[in-house]
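Notes follow once the structure below has been shown.
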Amino acid sequence: MNNPVSSIQLRPYQQQAVQATIEHFRQTSAPATIVLPTGAGKSLVIAELARLAKRRILVLAHVKELVEQNHSKYLNYGLQASVFAAGLNRKEAETLVVFGSVQSVARNLEHFADEFSLIIIDECHRVSLDENSEYQKIIASLRQYNPDLKVLGLTATPYRLDTGWVYQKHLPEKLVRTTEKTPFSACIYELPLRYMIDNDYLTPIEWLDAPVALYDFEQLRPSASGYYSETELNRVVLNSKRATAQITEQIIAQAQTRQGVMIFAASVAHAKEIIGYLPSECSAIITGDMHQRARDSVITAFKQQQIKFLVNVSVLTTGFDAPHVDLIAVLRPTESVGLYQQIVGRGLRLSPGKENCLVLDYAGNSHDLFRPQISDAKPDSDSEIVEVPCPVCQFTNHFWGKTDADGDLVEHYGRRCQGLIENSENELTQCDFRYRFKECDQCGAENDIAARQCHQCGKLLVDPDDKLKAALQLRDAMVLRCSGMQLTVEEGKVQNQRLKITYFDEDGAELQEYFHFDTPAQQGAFYHKYCRLHAIDRHQPPRFKSAVEAVSQQQLFRHPDFVIGRKEKRYWRITDKLFDYEGRYRRANEL
């Protein structure tokens, strides 16, 4: 084991992250992640893990600045380590611990034909499942020499715009993020940004409530990967020259009492326009196509506070450490809350004389840095993050949903409880309670609405599109593209009232179904055949003892997307109702 020559005191949460890593890899070799906010000191966590190493460790980063930063923190222990990074003009791989750039290592795998026990990946949200990616090539190569290779990732933003979360399970919160395949198995430790600020590890954020002008980026739509076209960005900026002048003037005014200002532009052309409005004697610009030596020179001058205003385009979001920065101006849109965290994070480090970091957002970004993260796309502009408890395991889920004026839940879009519970083998598995489901007509099991096969009995489930196509081809069938539903009380022919439920097609057609409440069995039938399926808040489906009671609470129910009926003599009988439809047929009121 390596022993430090100099004593370095870790913060409590850094020590906890180290301990969580040791405990996890004692039990399993499953790839894991640690999530720490920007400025939390990931380099020290990496250095401590490397110090404790008994066998070889490879530490990877995607930019030379991070390779250098991580290596420097390790040297502070009085220990030696190799550096393998072309950008730093070093290609050494002889020592127990090696710090390398992913590009250089991937191109020189023959230098790593040895048994490594652990790979640590900084900014691990960059890792994908692509087997041809540089990260996966390195992992696959090292696994040839050690099949038990451990892989640990560290990041402040554990999700990608193109594929979502980079891990499946959040072990500290006993939470399932996704059931899709991911580069990492689990998050083993996470520290919230709010904790860092509240405990004075990071500087507080101050937001400007009334910016002088805003760019109209709302008209733009990002690509599937979440990025905006530079041509489209330039078009918006070109039509907003007056706004740019006003915005820059306000930035200069707000910066009078500030030490360092970072401005994030939408494009290179936009950055050049901005720099034209800033005081030339203390302003500079950095773009991705700058010569490395010129770029390093500008960064050094900014860190030494010879330059006050630094304008950049998608360059200084990671691997850049200038603690004196206390004003962040965001003049570009982003769909990624992760990228937004990285941008704002540039100003959150502690520094002498720094009281807070002022954030000026002129692009209309609406990201909340402190709220729970949801990888699913926001269904519509009215949706917000809501808390939905599970009736089975009591886990508090966070889904997109809607609330009324009193803050009460109106509806949510969650499918399945995300809580982790222990099974009979003491393993953590996802709770099986489903808020939205497709019921197997053979065994009655509840399946995900997109499932093609019953998870319990294995029977193939009928595709909703196949159901609709088959019904549309029958002469004695009716398919309603349901646009609404009404519950009314109707006097029964015998003695008691019955409930009449009418489903409306957008073209005016109707189908009805009826329920009696005379006996407990009939009340139970209404609960199982209607309430469980139609309840907006399915973690608490209501129960009723009378038709009048059900009608008075009909706002608790949602209508299906499609209703299928079959003609039986003089009447129509409802045979199927489709909820949460995502197929090729148009739903009511959709274009």
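Numbers for the structure displayed
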read-out: Ordering of 405-412, 29-36 by burial proxy (mean other Cβ atoms within 10 Å per residue, highest first); value: 29-36, 405-412
read-out: Among 43-53, 359-369, 286-296, the order from most to least packed when residues are scored by Cβ within 10 Å on average; value: 43-53, 359-369, 286-296
read-out: Probe 1.4 Å, accessible area per residue of the chain, Å²; value: 49 Å²
read-out: 17 Å Cα-Cα reach of residue 438 towards lysines, excluding residues that sit fewer than 8 places from it in its own chain; value: 459, 467, 529, 577
read-out: Cα-centred dipole magnitude for the chain, charges only on beta-carbon of K, R (+1) and D, E (-1), debye, nearest 20; value: 820 debye
read-out: The range 557-565 - phi-based ³J(HN,Hα) in whole Hz, Karplus 6.51/-1.76/1.60, Gly and Pro as x; value: 10, 10, 8, x, 7, 9, 10, 10, x
read-out: Order by protection proxy (mean Cβ within 10 Å, highest first), peptides 573-586, 516-529, 325-338; value: 325-338, 573-586, 516-529
read-out: Cα gyration tensor category, rounded, prolate or oblate, for the range 427-565 with a/c compared to 1.5; value: oblate
read-out: The chain, relative contact order in percent, only Cα pairs under 8 angstrom and at least six apart counted; value: 9 percent
read-out: For Rg/Rh (Cα atoms, Kirkwood Rh), calculated from these coordinates, the label among (i) 1.05; (ii) 1.00; (iii) 0.96; value: (i)
read-out: Residues whose placed amide H lies under 5 Å from that of residue 438, excluding near-sequence neighbours; value: 447, 448, 449
read-out: MRE, 222 nm, helices only [DSSP H, n ≥ 4, -39500 (n - 2.57), over the chain, to nearest 500]; value: -7000 deg cm²/dmol
read-out: Share of carbon and sulfur in the accessible heavy-atom surface of the range 1-137 [1.4 Å probe, %]; value: 44 percent
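The values are calculated or read from the model by the stated rules, or taken from the named source; none is laboratory data. Remember, predicted model here, so these are calculated numbers, not experimental data. Neighbour counts run over all protein chains shown; Cβ positions are idealised from the backbone, glycine included. Just so you know, the surface numbers come from the protein's heavy atoms only, side chains and all, with ligands and any DNA or RNA stripped out. Shrake-Rupley method; radii C 1.70, N 1.55, O 1.52, S 1.80 Å.
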